[in-house]
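Asker: Take this structure, written in structure tokens, and hold onto it; I'll ask about it next.
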Amino acid sequence: MSECLLRPGRDSDAAGFIALIGACWAEYPGCILDVDGELPELRALASHFAAAGGALWAAEADGEIVGMVAARPVGDDAAHEICRMYVARPLRGTGLAQRLLDTAEAHARSAGAQRLVLWTDTRFDAAHRFYEKRGYVRQGAIRILDDISRSLEFRYAKPAQGLVVEMLDAAAAASAERRLAEILSRCVDTGASVSYLPPLAPEVARGFWRKVTSEVALGSRVLLVAWYEGRLAGTVQLDLGTPENQPHRAEVAKLLVDPAERRHGVGRALMLRAEQAAQRLGRRLLTLDTRAGDVAEPLYRSLGWQEAGRIPGYALDARRVEQDALFFWKRLERDRAAGRQTRT
């Protein structure tokens, strides 16, 4: 097959779009494509999206439609929806899906989108994995479609641009596990002191995040993640599982920034957001530990964290050499008179 050409979709592509969607749906038992009864817009899809202020793209190879995607504004909150994302089975894993999604996301950003959303059938497991690798996380309730396929759809979303930090619930945390495991592995491979030694097996990394998700569901842990220009770039946690006599304390844990996303202020934004979350939860004393000389140490000090002590030879580094650990604390207080938060 010749190289794929990405171009604007046309109404005259209707037969190709219908054939592609039909083939993709046929991979899943119970998915029935009824164009005239349920999706008549497929017969003039370019006009359909143009009327909604959006755009449509087609991937063509040897005169055949082998991929498609669309984007359109939704609501009044500067969000854009990614729609009709399909790739022919023989072309999956070739990078075509990445090119299509890159094109749709870039269009949405240029149109001022601050958030990207999409809906995907709960049966489309491969699509879920793809979107999750691209930084999308599950948000909101499942959508029930009154169609002959009895479709249920997950809603995925992510910030479109800028540096944004958000708290994840259990469903979002579960959908972020794959990308967070990738970040953890990359940090360990570059020598980060985060309880593991390289090489970190993928199943071990995923297992760690599954445990985090369960603790988020139980309410004993807060998970924050950061996106930079639409890419899930880092994370930090608040461990709320303190002893009975320490309800005012939380431990900051696993500050991780993808090595490819550093120097953008991601770590600082995560730490500041962790302080805000702790304040709202009534946790006014924060603690953490880190390897002496770690790249995060200057960040902690610049944010007002106080060193409490050092333990020599506390943990091994990537070379299996013993390294000291530093313990830090920070107290968060509220100035009741002025209504302002002060940090010491």
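Asker: Can you name every residue in the range 315-337 that is closer than 21 Å to Gly191 by Cα and either without any contact (Cβ under 8 Å) to a residue 24 or more places away in the chain or touching a helix residue (DSSP H, G or I) at 6+ places or on another chain (Cβ under 6 Å) (or both)? Walk me through it before giving the result.
Answerer: As a first pass, look at the range 315-337 and keep what is closer than 21 Å to Gly191 by Cα: 315-328.
Hits for the range 315-337 are Arg319, Val321, Glu322, Phe328.
Asker: I've got another one for you. For the range 110-122, name all the residues that are surrounded by 18 or more Cβ atoms within 10 Å (Cβ to Cβ) and either in contact with a Phe, Trp or Tyr (Cβ under 6 Å, 6 or more places away or on another chain) or not in a strand (DSSP E or B) (or both).
Answerer: Listed by number, the residues that qualify are Ala113, Leu118, Thr120.
Asker: Just wondering, is there one or more residues in the range 215-237 that are polar (S, T, N, Q) and in contact with a strand residue (DSSP E or B) (Cβ under 6 Å, 6 or more places away or on another chain)?
Answerer: Among the residues of the range 215-237, at least one is polar (S, T, N, Q) and in contact with a strand residue (DSSP E or B) (Cβ under 6 Å, 6 or more places away or on another chain), which makes the answer yes.
Asker: Asp102 - would you say it is without any contact (Cβ under 8 Å) to a residue 24 or more places away in the chain and of a type outside the set (Phe, Trp, Tyr)?
Answerer: So Asp102 passes the test.
Asker: Okay, next question. Does at least one position in the range 224-237 carry a residue that is farther than 18 Å from Leu163 by Cβ and of a type in the set (Gly, Ala, Ser)?
Answerer: Checking the range 224-237: not a single residue is farther than 18 Å from Leu163 by Cβ and of a type in the set (Gly, Ala, Ser).
Asker: Looking at Arg150, Arg155, which is the one that is assigned to a strand (DSSP E or B), modelled with pLDDT of 95 or more and not assigned by TED's automatic domain parsing to the domain that holds Ala277?
Answerer: Among Arg150, Arg155, only Arg155 is assigned to a strand (DSSP E or B), modelled with pLDDT of 95 or more and not assigned by TED's automatic domain parsing to the domain that holds Ala277.
Asker: Somewhere in the range 73-90, is a residue part of a helix (DSSP H, G or I), out of contact with any Lys or Arg (no Cβ under 6 Å at 6 or more places or on another chain) and within 22 Å of Leu6 (Cα to Cα)?
Answerer: Scanning the range 73-90, I find at least one residue that is part of a helix (DSSP H, G or I), out of contact with any Lys or Arg (no Cβ under 6 Å at 6 or more places or on another chain) and within 22 Å of Leu6 (Cα to Cα), so the answer is yes.
Asker: If you don't mind, there's one more thing I want to ask. Could you give me the residue pairs with C-beta distances under 7 Å whose first residue belongs to the range 243-264 and is free of Cβ contacts under 8 Å to residues at least 40 places away in the same chain, whose second residue is exposed (fewer than 12 other Cβ atoms within 10 Å of the Cβ) wherever it lies, and which are 6+ apart or on separate chains?
Answerer: Between residues of the range 243-264 that are free of Cβ contacts under 8 Å to residues at least 40 places away in the same chain and residues that are exposed (fewer than 12 other Cβ atoms within 10 Å of the Cβ), the close pairs are His248/Gly282.
Asker: Which of the residues spanning the range 263-293 are within 29 Å of Gly313 (Cα to Cα), of a type outside the set (A, V, I, L, M, F, W, C) and part of a loop (DSSP other than H, G, I, E, B)?
Answerer: Once the filter is applied, which keeps residues that are within 29 Å of Gly313 (Cα to Cα), of a type outside the set (A, V, I, L, M, F, W, C) and part of a loop (DSSP other than H, G, I, E, B), the range 263-293 yields only Gly293.
Asker: How many residues are surrounded by fewer than 17 Cβ atoms within 10 Å (Cβ to Cβ) and either of a type in the set (A, V, I, L, M, F, W, C) or not assigned by TED's automatic domain parsing to the domain that holds Tyr28 (or both) when one looks only at the range 127-147? Can you show your working first?
Answerer: Initially, the range 127-147 is screened for residues surrounded by fewer than 17 Cβ atoms within 10 Å (Cβ to Cβ), giving 129, 133, 140-147.
Going one step further and asking which of them are either of a type in the set (A, V, I, L, M, F, W, C) or not assigned by TED's automatic domain parsing to the domain that holds Tyr28 (or both), we end up with 141-142, 144-145.
Residues flagged as surrounded by fewer than 17 Cβ atoms within 10 Å (Cβ to Cβ) and either of a type in the set (A, V, I, L, M, F, W, C) or not assigned by TED's automatic domain parsing to the domain that holds Tyr28 (or both) within the range 127-147 amount to 4.
Asker: With the requirement that a residue be hydrophobic (A, V, I, L, M, F, W, C) and over 29 Å from the mean Cα position of the chain (by Cα), what does the range 27-45 give you?
Answerer: Ile32, Leu33, Val35, Leu39, Leu42, Ala44, Leu45
The values are calculated or read from the model by the stated rules, or taken from the named source; none is laboratory data. Because the structure is a prediction, the values reported are computed rather than measured. Here Cβ is always computed from backbone atoms with ideal geometry, including for glycine, and neighbour counts include all displayed protein chains.
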